[in-house]
1. Suppose each label sits 7 Å from its Cα in the direction of the beta carbon; what would the residue A:117-residue A:174 distance come out to in nanometres?
2. Which order do A:150, A:202 fall in if you start with the one that has the fewest other Cβ atoms within 10 Å?
3. Could you work out the relative contact order of the range B:44-144? I mean the mean sequence separation of Cα pairs under 8 Å and 6+ apart, divided by the number of residues, in percent.
4. What is the ratio of the Cα radius of gyration of the range B:34-119 to 2.2 N^0.38 Å, where N is its residue count, to two decimals?
5. Looking only at other chains, what is the average number of their beta-carbon atoms within 10 angstrom of each beta-carbon in A:128-136?
6. Rank the residues A:306, A:251 as a footprinting-exposure proxy: fewest other Cβ atoms within 10 Å of their Cβ go first.
7. Once both labels are modelled 7 Å past Cα along the beta-carbon direction, what's the residue A:158-residue A:105 spacing in nm?
8. May I ask for the angle, rounded to the nearest 10°, between helix A:167-176 and the longest principal axis of chain A, with both axes built from Cα atoms and the value confined to 0 to 90°?
């Protein structure tokens, strides 16, 4: 009943911004399709994963430069490697682990664990928590008094320079924002672009489609098939995103043999029942309907995204990021 | 049961979509002024991140400072005795979060970092609009700034 209500909301006629006919149903990808080859419609309105990674790196470079300008300590951005870049892009890839584990090769080693990079820790590149920084640095970093949380924007730092609004974090974010726009049109900014932050339209469509599709009878039908397949393999689990409920090993540093065996059965059953293909097609339909309904607002997002892409590429060229 | 919760969630989020669109199309809607993101101010700075029972980093809190920088299942954690929601289980019961590290922090719908997710940039806090009361795991997830940390 709730799903039916949702469809009405997503497809009702007469809303502003509609144009043309509703998109037709998405073709179901065949069983075993690599999720890396699947792209949900909303991704058109997100920064490409590569650009999100560059955005993050630039943000760190800009904050570091700003803090150094105040003569204050701040860790230098760690050097990127091909492995760290690939892992960072995975984190920004919408389909990565969205439907649970899907990669037969990965689960052979990692079970349900996310593949972990072995990084040699160095003092210079170790992650920093706010408490690791002296109070003077925290004041300039965030533009607030560390004790009271009150803004100190415009006041002078120890070296006599005025602290920018939002501190060095605020200054970096303004440099990375799409040029020629303001926060009213940019909306909640996230690492994946305009309106991808908390409360943003793009984030809403991405989350809404996930919830709606997972409750859609076409998808719950393949969940049942998958669950039966898992039961035949000796595992009692109801749906793919909650497959690890009974596994204690997932909180350990490494998977045990039992976890790996279950994860392998999980991937095999997903292939046999085509959970990924069906779910992807249904979720794409929900997203296409929402995109159609919000076409006018998303045209603004797209323009912002193009401007932000230009800003990121330009800054990356100047900063070698 | 999980699917029923998702269905209820779908209805809630769909209702919110109209509000969000209004914010984009309008010019002075407060929602568009990034009010749900702020420089972290409450989370104890020895932590990587904090979750809060209420919006705006208010209500009872859960701070996490262990070196692994990840929580696989928030169902195993309860809020501290420091506000509304004190002592309650955190899973599906958080409305905001703060990141007090120089790493991105991810928050996921399901345990073990799967399903839909939301993000916090380094040093930032935010309301979990779409995963609010519907989250199960959280971790540092940033192979650009913090490679090898979190999601163990």
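Only the coordinates and a few stated rules stand behind these numbers; no lab work does. For clarity, every value in this text was computed on a predicted model and none was experimentally measured. Heads up, the Cβs are rebuilt from the backbone with ideal geometry, glycines too, and the neighbour counts pull from every protein chain shown.
1. 3.1
2. So the ranking, lowest neighbour count to highest, is A:150, A:202.
3. 30
4. 1.00
5. 6
6. Placing the least packed residue first, the sequence is A:306, A:251.
7. 5.0
8. 60
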